[in-house]
Structures are given as C-alpha cells and as structure tokens.
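> Input: one structure, supplied below.
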Amino acid sequence: MLRTTEEGFDLLYISIDALNNLCQNFAGTLDNWGVQVIYVDEFHPALTECYRHATSWQSLRDPKSLNSKIVLLSATTNPTSTKMVTNYTGMGDNYIAVGGSSSYAVPNIAFLIERSANADLIPDIVEYIKSQLSPQQPQDFAIHVITVSKEHAMSLTRSIKEAKITAEWLTSDCTADQRERIIDKWDAGKISVLASTYCVGLDHSKVKQVIIMGGCRSAADALQSAGRIRPSKQMGDGSRVIFWRAD
C-alpha cells in the first residue's frame, strides 16, 4: 500500500518477503517512487529469518541506501530481539520500533499430534472437521487449517464444501480483490473453515482450533499458527492446535 506525501510516497504494511522482492527486482522503481518511510509489518519473524539463514532479511539493508526511514511494526518483539536483528542486518539505528512487549504470556492451548494412515490426509481432516462443526456446535466456532502447499489448501477446501460446510482457501494465488472478499467473509463469520498457506496476520476471534496439515517450515511458523487462536479463545484442552501428519 502506498500513501502519498508532499515529497513522494510512504510504503505501508509490507512484509519482509515482499520488501525483499521489491528491493531485488524493482529497485529502480522504488528509487523513482521517492519512498520516504517504509513500514515493515509483522517484523518479529525477521529474527527467525536470521537464524535459519534465509535471505529476506537482507532487504532491510537496502532502504538505507534508498534514503528511506524504516518503521518496524510488531506486537510481540522486544527491544533486545529488535536490536539483535537490526545489528545483524547492518541497519544500525536507522529505524523506529513501534509496538513490542516486555513480557510473554504462555498460550493456554493444547498441542496435539494426529497420525493418518492416508498419505493424502484430506479425507481424515474432513471427517474430523465434520465431527467438530456439527449443528450442535455454537455459531462462534471456526477452524483455521494451515497447509504447506497451495494445492492442499484448494483441494481441502473443495472437499469441505462437498460436506456442506462453508469454507474458503487463501493463498498468494488469490488476487487482491479475492483476498479482500475472503478476509471480509472470514471476519464477518460467514466462513466456518479457512484453509490458507499463511500463518501470520490472519486474526479471527471465532477460531478455537488450528490444524497444521503436513508440517511447518519452521518452529516459528508453528508458533505463529498457534497464535491464530487469540487469547480470549484460549481455553486449555478446549483450544487445540493439531499437527496432522501421515505415518
């Protein structure tokens, strides 16, 4: 998202992955835009990026050469971890941190592992969802399924819809209009199951269970997935994060 300023533009709410793509492939465009301030959203995964030797964090070096100010947005990082990342990336003091927390509340949720003899996983997950989303369940109940691949998200959604349960899939293949429509329906409670490849930033107050289908890319992604159950819905054994894997 771009916001017009008197001198140029501000770049709002961009992930480090998207920023890396812009810096690597559209550096000339960024320079021509005259970007004044870059607001990096969900900054806390950058710490994991550094530890797993990924490359997206390198984009945080480039805004300095573009003469852009950087604002780091995060609700969960703290000054120590932020300083570790900014020193590691070579940003120095060329940033403003907004948000953050000095303490961390341990999630009150249950972590479970389900094993399936079916390598496809989808039939067993659909049967489980059908057992949870019965007519006897209250209307404020929803399930977020996080998949490794786009194909799994789409195939699972088709199977859930065949079971007469409202569902949508959300991946990077969606257009901006599609993403907006799906997120609006999700927020409005018109979807019982959301299958997505995203594990960050999709907050919904009705989610009481998360299914992680087939595995996670990192421990940080697993924790981000668990965070889709917001604190107000964390009820111990009644709030499940299920890692569903094939034997």
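The values are calculated or read from the model by the stated rules, or taken from the named source; none is laboratory data. Because the structure is a prediction, the values reported are computed rather than measured. So basically every Cβ, Gly included, is an ideal-geometry build from the backbone, and we count neighbours across all protein chains shown. In case anyone asks, the SASA skips ligands and DNA or RNA and just uses the protein heavy atoms, side chains included. Shrake-Rupley method; radii C 1.70, N 1.55, O 1.52, S 1.80 Å.
> Can you pull the accessible area of residue 37 for me, 1.4 Å probe, Å² to the nearest 10?
Rounded to the nearest 10, the figure is 30 Å².
> What is the local net charge at residue 118, summed over the other residues whose Cβ is closer than 12 Å to its Cβ (Lys, Arg +1; Asp, Glu -1)?
Value of the local net charge: -3.
> Could I ask something else about it? For 114, 162, what's the largest-to-smallest order of accessible area, 1.4 Å probe?
Working: 114 70, 162 145 Å².
In descending accessible area the options line up as 162, 114.
> Straight-line reach only, C-alpha to C-alpha below 26 angstrom: list the lysines that residue 150 could link to, leaving out same-chain residues fewer than 8 apart.
By straight Cα distance, residue 150 reaches 130, 161, 164, 185, 190, 206, 208.
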